[in-house]
Structures are given as C-alpha cells and as structure tokens.
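This report refers to the structure that appears directly beneath it.
The values are calculated or read from the model by the stated rules, or taken from the named source; none is laboratory data. Everything quoted here is computed from the prediction, not taken from an experiment. Methodologically, a virtual Cβ is constructed for each residue, glycine included, from the backbone with ideal geometry; neighbour enumeration extends over all protein chains shown.
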Amino acid sequence: MPADLEFENLVNVYYRDLYRFGLSLTGSEADAADLTQQTFYIWANKGNQLQKPASVKTWLFTTLHREFLKTCRRQNRFSHESIDERTEDLPTVPANCADRADSQTLLRILGEMAEDFRAPLVLYYMEDLSYKEIADVLALPLGTVQSRIARAKIQLLRRLSETNLPVEQAK
Amino acid sequence: MNTRDAKQILLLYRGTIDDLDPQFHAALAYAKSDPGLAEWLRAQTKCYDTIQATLREIEPPLGLSEKIVRRRPIPFHCDWSRILQLAAVILISATVTALLMKWSERRHVSGAGPQEILVTGEVLDMTCYIASNLSGPDHAKCARDCIRSGLPAGIKAQDGKVYLLTGGPGHSINAEVADYAAKTVTIKGKQTVRDGFAQLQVEEIRKL
C-alpha cells in the first residue's frame with residue numbers, strides 16, 4: 001500500500017480515540033487536537049521503526065501520553081485533586097449511576113483528578129486495551145496501573161453518585 | 001476467597017474484554033455462588049458500559065483528520081542502502097562528466113594542431129600593425145624595414161583574420177617575407193593556434 005494511503009488509513013482508524021484520550025488528559029479541545037496531530041507526525045517520522053505492526057495502537061497512545069507529559073512539564077498549569085488512598089470502602093454501584101452524566105460532566109470529573117490516576121482510568125474506560133497494554137502505554141508496572149485504576153474508579157463513582165444518586169458504602 | 005476479596009478484584013472487571021484474563025477467573029466463579037455479589041457485578045459492568053459509551057460520544061472537531069493528513073511531514077528515513085545507491089550514482093555521474101570534459105579538451109587541442117592551409121592576403125609588419133594599425137602601400141617601406149630587422153611578420157587574410165608568420169623550428173622567415181611587405185601573396189603553410197593566437201608556419205609563398 002502506498003505510504004500516503006497507509007498514513008491516511010491509520011489516521012482514520014485512530015484519530016478519534018487519540019483525540020478523546022487527549023481531551024480527557026488536557027481538558028482542552030485545542031490541546032487535544034494538537035496532541036493528536038503531533039502524535040501522527042511523530043508516527044510519520046518514526047513509525048517505520050516499530051518492530052511489531054500489531055502494537056501500532058499502543059505505540060500511538062504511548063506517544064500521545066509522552067507528548068502530554070512533556071507539555072505538562074513545560075506548562076505545569078494543572079492543579080489536581082489527589083486520590084483518597086483508602087480502597088477498603090468500595091462504593092455500592094447503582095446500575096444507573098452514570099446514566100445522567102454527560103460527557104462534559106465526566107470530563108470535568110476526570111480533569112479534577114491527578115494525572116497519575118486520570119490517564120490509566122481514561123485508557124481503562126475508553127480503549128479496549130488489556131491491562132498489560134495500558135501499563136505499556138504509561139510505562140508503569142502492571143500492579144501500579146491496576147492499583148491506580150481501582151482507586152481512580154472509586155473516586156469517579158463517588159463523584160458520579162454525588163452528582164446523580166446517593167451512594168451507599170459497602171460494608 | 002470471600003465476597004470482599006472478590007469485589008476488590010472484580011472492581012476492575014470490564015466484561016467480555018477481561019474474560020480471558022486469569023486474574024478474574026476465581027472471583028467470577030465466586031460471584032456465581034453469591035447472588036449479592038453477582039448483582040453488584042452486573043451493576044458495575046453496566047455502569048462501566050455507560051461511562052464508556054458516554055466518553056465515546058465525544059467527537060473530534062470537524063476536519064481534524066483531513067488537517068492531519070494534509071499537514072503530514074515528509075519523512076526522511078535513514079535507509080543506508082538507498083544512501084549508498086545515491087552516493088554511487090553521484091560518483092559515477094561525476095566520473096563520466098570528468099571523462100567527457102577531458103575528452104572534449106583533448107579533441108579541442110587536437111583540432112588546434114598543425115593543419116595545412118592556403119592563406120591569401122597582405123603581408124604585415126606586426127609591430128606597426130598591432131601598435132598603430134599601419135598597413136597597405138603607404139606603409140610598405142617601413143614594413144619591409146621592420147620585417148627585415150627581425151620584427152614579427154604576419155599576413156592578413158581576405159576574411160580579416162591575421163596570422164603570425166613563422167619558419168620551421170630554429171629558422172626565421174623574416175628574410176623570405178620582407179620583400180613581400182604590404183603586398184598581397186598566397187602562403188601555403190601549417191596553421192597552429194597557441195593561446196588563441198593564430199600562427200602560420202610558412203612552407204611556400206606565391207606572389208599574386
């Protein structure tokens with residue numbers, strides 16, 4: 001397949017997912033679009049170095065996340081809520097707990113989380129990536145990723161319940 | 001395993017995508033025997049699906065994909081075999097060009113080598129001709145004296161081209177051409193060119 005067509009196909013397959021990931025990380029549409037573009041431009045220059053074609057998706061998400069971290073280091077403008085360390089109290093999750101939350105509400109809640117927790121949680125929800133792949137994208141140990149997802153998920157469910165429904169704490 | 005442990009594990013369970021992940025197998029089996037846990041699991045997977053669907057409703061700005069494709073940078077892949085091929089082509093081209101230039105130079109030099117010709121024109125005293133543009137019958141005496149005294153002689157052909165007249169190696173032609181100064185003659189000789197200056201090595205002089 002010609003390189004131009006291959007690139008176009010790749011963009012069409014992944015740009016939505018990358019944009020959503022970027023938007024969840026940055027909370028800004030413009031920054032998300034920039035990150036998405038930057039990711040594909042890096043692919044255009046370095047993608048041929050990828051040994052396993054099957055890991056293209058992971059490579060793209062890893063690259064976007066790295067670019068985001070670079071931006072964070074440059075701007076250092078985000079203030080985030082740290083995640084409560086207690087994981088013992090699992091909330092009882094009503095089946096309709098997220099029914100009334102629109103994407104803007106979800107993005108707002110995600111944006112209030114520390115980046116360390118937000119990125120794994122977004123990948124957990126948005127992409128059909130295995131935990132191993134999420135760990136690869138974020139360059140973190142598998143156990144750390146799972147721990148952060150669990151803690152961030154509890155936080156998200158609590159916030160959603162506060163927004164929509166009363167939360168019952170599991171005993 | 002108890003319900004609490006199973007819940008801790010199944011908090012990360014997303015449904016079909018995690019069915020093959022062995023870390024969930026035992027907890028899922030336990031949930032089958034615990035109706036309360038099974039209900040909790042159904043609720044949390046439904047909640048997962050809802051959140052995922054909501055997040056996936058987010059659409060990128062219109063035209064983003066076209067913009068990305070349009071502004072795609074042209075990659076430079078460091079392919080050493082291609083670079084070496086290019087270097088070889090450049091080297092071969094440079095060699096061929098150099099050889100052609102040398103061949104052309106030689107051809108030009110060989111073209112300027114001795115060539116027998118006939119030139120008809122006025123015999124000149126080159127010193128007066130070049131310095132003061134003097135020639136013709138009015139200058140005949142001066143020209144004859146100058147040539148005889150050893151100053152260079154020449155012939156101006158009918159086409160206007162001027163040749164310096166020379167003898168053979170080590171032989172001056174002045175004595176032979178001095179009597180023809182300012183007269184029109186035909187000289188047979190070998191034409192050569194040195195540094196762009198035409199010379200005629202005299203072999204035979206015919207007075208018209």
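Restricting attention to region A:3-23 and to residues that are facing chain B (nearest Cβ under 7 Å) and of a type in the set (S, T, Y), the residue that is surrounded by the fewest Cβ atoms within 10 Å (Cβ to Cβ) turns out to be A:Y15. Report, by residue number, each residue of region B:14-48 that is assigned to a helix (DSSP H, G or I) and among the hydroxyl-bearing types (S, T, Y). Listed by number, the residues that qualify are B:T16, B:Y30, B:T45, B:Y48.
All of B:I17, B:I9 fail the test of being free of Cβ contacts under 8 Å to residues at least 24 places away in the same chain, within 9 Å of another protein chain (Cβ to nearest Cβ) and not small (G, A, S), apart from B:I17.
Looking only at residues of region B:11-32 that are modelled with pLDDT of 90 or more and of a type in the set (S, T, Y), we find that the one that is farthest from A:K153 (Cα to Cα) is B:Y30. Taking each residue of region B:116-142 that is over 13 Å from B:L165 (Cα atoms) and looking for partners that are among the acidic types (D, E) and modelled with pLDDT of 90 or more with beta-carbon atoms closer than 7 Å, six or more apart or interchain, yields B:S135/B:E122; B:C142/B:D125.
Does B:T192 count as within 52 Å of the chain's Cα centre (by Cα), surrounded by fewer than 19 Cβ atoms within 10 Å (Cβ to Cβ), in a strand (DSSP E or B) and at pLDDT 90 or above? It is false that B:T192 is within 52 Å of the chain's Cα centre (by Cα), surrounded by fewer than 19 Cβ atoms within 10 Å (Cβ to Cβ), in a strand (DSSP E or B) and at pLDDT 90 or above.
Quick check on my filter: what residues within region B:28-40 are within 13 Å of chain A (Cβ to nearest Cβ) and buried (at least 19 other Cβ atoms within 10 Å of the Cβ)? Result: B:L37, B:W40. Would you confirm whether or not region B:68-86 contains a residue that is among the aliphatic types (A, V, I, L, M), more than 9 Å from every other protein chain (Cβ to nearest Cβ), exposed (fewer than 10 other Cβ atoms within 10 Å of the Cβ) and outside any helix (DSSP H, G or I)? No, region B:68-86 has no match at all. Tallying residues that are among the β-branched types (V, I, T) and farther than 20 Å from A:L123 by Cα within region B:1-47 yields 1.
Any idea how many residues of region B:138-169 are out of contact with any helix residue (DSSP H, G or I) (no Cβ under 7 Å at 6 or more places or on another chain), part of a loop (DSSP other than H, G, I, E, B) and farther than 16 Å from B:E203 by Cβ?
Result for region B:138-169: 5.
Can you find a residue in region B:150-163 that is free of Cβ contacts under 8 Å to residues at least 24 places away in the same chain and charged (D, E, K, R)? Scanning region B:150-163, I find at least one residue that is free of Cβ contacts under 8 Å to residues at least 24 places away in the same chain and charged (D, E, K, R), so the answer is yes.
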